[in-house]
Amino acid sequence: MTTKERIMDEALTLFSQKGYGDVYVGEIADAVGIKAPSLYKHFKSKKDIFDAIIEEIGKRYEEQASSIGINGNNSMEDAFLYLDISEEVLIKIGKDLFLYFLHDGYMSRFRKMLTLEQFRNPDLAMLYTKQFFTDPVEYQTNIFSILCNMEKFKEADPKIMALQFYSPIYTLLTVCDRDPKMEKKAVKLIEYHIRQFNSNYGKAKK
């Protein structure tokens, strides 16, 4: 791990423990085992470190999405992938993404930091909403809209479908953040959830 990577890693750990606002550059340098002037050779400010962390999270997510055969950001592209996959494949994708968000070192610590900051930093509260509500619901709404139009699903409100699909999964994610022993049960519930969702909205094959 390079010094720059160590700075990002230690900073994110401190952010997840204390919140972004209560961490100072000197503390990050101490955690890395360097002096503050040395840190400034790699990053101009704490905000610069934060922006680099967000960029790294985006890269990790794209790599994970690619590894399970989806784009993860382009709803149009992914909608056509979902047209012909089996329920078992869909369940595997759902479980893989859930476990990624739960266990990826960057994603889990970033989520915990935003959980701390949502009540004291308006900008980070907005980022939390965007990252874990607005963007995923919009992405899934677009997918369900396309799939309903192509008669993969019964006619329904795509945004309500997105809320019904996404909300239980994110709820289980936050439960497992608080109680890691719930992971095995949560993964099983996700399987049941996806099967029930398909039963409710899926169209019988002719």
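Please treat every number below as a calculation from the coordinates, not as lab data. Note that the coordinates shown come from a computational prediction; the quantities given were computed from them, not determined experimentally. Every residue, glycine among them, receives a Cβ derived from its backbone with ideal geometry; neighbour counts consider all protein chains shown.
If I filter segment 67-91 down to residues being touching a residue at least 60 places away in the same chain (Cβ under 8 Å) and of a type in the set (D, E, K, R), which single residue comes out as farthest from T141 (Cα to Cα)? Across segment 67-91, the extreme among qualifying residues is E87.
Of the helices (runs of 4 or more DSSP H) lying entirely inside segment 43-127, the ones with 3 or more residues being among the acidic types (D, E) are found at 46-67, 87-103.
Whenever a residue of segment 119-135 is over 14 Å from Y170 (Cβ atoms), its partners that are of a type in the set (V, I, T), lying with C-beta atoms within less than 9 angstrom and at least six residues away or across chains, give the pairs L127/I54. For segment 1-57, the set of residues classified as crowded, with 17+ Cβ neighbours inside 10 Å, under 18 Å from Y106 (Cα atoms), more than 23 Å from the chain's Cα centre (by Cα) and free of Cβ contacts under 8 Å to residues at least 24 places away in the same chain consists of V23, I28, listed by residue number.
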